[in-house]
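Beneath this line is the structure, given in structure tokens, with notes to follow.
The values are calculated or read from the model by the stated rules, or taken from the named source; none is laboratory data. Predicted, not measured: the structure shown is a model, and the values here were computed from it. Positions of Cβ are generated from backbone atoms using ideal geometry, with glycine treated the same way; all protein chains shown enter the neighbour counts. For the accessible areas, the whole protein counts, side chains as well, though only heavy atoms, and no ligand, DNA or RNA atoms are used. Shrake-Rupley method; radii C 1.70, N 1.55, O 1.52, S 1.80 Å.
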Amino acid sequence: MTLARLAHALETGALTLSEHARLVLLEPNPEADLGVLDEHDITVQQNFKPAFDLFQAMGIEVTTEAAGPADVVHVTLPRSRDLARGLVAQAEAIAAGGLVIVDGAKTDGIDPILKSVRDKVAIDGQVSKAHGKIFWFDAGTAFQDWALPDPAPLASGWITQPGVFSADGPDAGSEALVTALPKTLKGRGADLGGGWGFLTRHLLALPGVTHVDLVEADRRALTCAEQNLSDDRLALHWADATTWGSPASLDWVVMNPPFHTSRTPDAALGQAFIRSAARLLRPKGTLVMVANRHLPYETTLANSFVEIQELDGDTRFKILQAGHPRASDKPGRAKRR
């Protein structure tokens with residue numbers, strides 16, 4: 001996560017990089033310490049908006065689609081197997097005869113990727129450290145069949161892409177939320193973490209809705225949403241839902257917030273979504289959200305809203321509605337007593 005494996009490989013001499021080599025880093029973690037690569041010309045590819053913004057703030061050249069040629073391409077292994085293979089194929093194409101480095105944790109599937117790569121090419125070296133591995137090979141043309149497919153329609157008609165969340169179709173939580181959506185929602189609202197547009201299309205079908213902002217941090221998912229949705233009342237935003245938007249500007253927010261950025265669940269992310277919704281809503285605004293039953297969101301909701309109720313649910317999911325955001329979530333105002 002912090003390029004510790006790369007640093008270890010360089011420090012021990014297991015891996016050497018040519019002085020002033022041009023490096024492309026594909027989807028590195030924003031906490032990555034790039035100091036180990038100070039002597040090199042670095043370009044970062046990042047499609048997750050919060051990470052993109054952090055790298056940009058550091059003064060690093062960052063893009064959503066890196067291009068070659070590069071001497072070395074480093075792949076940080078993502079959770080998605082399809083995206084991992086696509087990044088390896090992209091790395092090989094960008095490196096154009098240079099070096100491809102693949103770096104990942106065991107929990108993100110580094111061992112099966114290493115086995116699959118070894119089936120196609122000779123591995124020049126590998127190092128194990130920090131509950132994961134890093135390995136490297138000379139770029140050729142062995143991985144063209146691993147290229148990430150373009151967005152394409154499913155049998156249901158929805159357009160998705162391998163590697164985005166719920167690429168095989170609507171996830172069960174979003175389907176449960178659609179069933180329970182209050183038909184009384186009206187005015188301007190937002191779908192925070194809207195993905196490829198499933199919830200937003202259903203929100204646009206509500207008779208009282210006049211505008212929907214779909215806010216999504218994954219650029220690939222947003223590209224799919226652009227193809228799934230067409231409505232004059234819609235605006236798409238590649239943005240961090242926890243910081244996006246103007247305070248007290250919306251009548252309602254609907255969301256199926258993510259609850260992890262790695263394989264370890266982290267309720268803090270969903271809690272940040274809740275606080276953002278309270279910030280965005282007008283004094284009489286409404287939040288409707290779905291969450292896994294076990295996630296501890298009720299305290300955050302109680303701290304952010306005056307009224308809370310469970311609209312629907314089962315053993316897996318709970319559909320929660322909250323109203324009247326507390327004034328403490330609005331800048332410059334005192335908390336209601």
Response to the item:
Among beta bridges assigned by DSSP with both residues in the chain, the antiparallel ones amount in percent, to the nearest 5, to 45 percent
Item to complete: Mind grabbing the accessible area of GLU216 for me, 1.4 Å probe, Å², rounded to tens?
Response: 30 Å²
Fill in: Residue among ALA190, LEU15, VAL121 farthest towards the positive dipole end of the chain, charges placed on Cβ
ALA190
Worksheet item: When mean projected area of the Cα convex hull in nm² is calculated directly from the model, which label among (i) 19.4; (ii) 18.4; (iii) 16.6 fits?
Response: (ii)
Discussion item. Checking the a/c ratio against 1.5 first, then a/b against b/c, what shape does the Cα gyration tensor give for the stretch 192-259?
Written reply: oblate
Worksheet item: Once phi is turned into ³J(HN,Hα) by the Karplus curve 6.51 cos²θ - 1.76 cosθ + 1.60 with θ = phi - 60°, what whole-Hz value does each residue of the stretch 244-257 show in order, with x for glycine and proline?
Response: 5, x, 9, x, 6, 10, 10, 8, 7, 9, 10, 7, 10, x
Worksheet item: Stretched out fully, how many nm does the piece from ASP38 to LYS284 gain, at 0.36 nm a residue minus the Cα gap?
Response: 83.4 nm
Response to the item:
Under the helix-only model (-39500 (n - 2.57) for each DSSP H run of 4 or more, divided by the residues of the chain), the mean residue ellipticity at 222 nm, to 500 deg cm²/dmol, is -7500 deg cm²/dmol
Response to the item:
For the chain, the per residue accessible area (1.4 Å probe, Å²) is 45 Å²
Worksheet, complete the sentence: TM-like helix rule applied to the chain (DSSP H, alpha carbon span at least 18 Å on the long axis, mean Kyte-Doolittle at least -0.5) gives 81-95, 267-280
Practice prompt. With a 1.4 Å probe and every protein chain kept in, tell me what percent of the accessible surface of the chain is carbon plus sulfur.
Written response: 49 percent
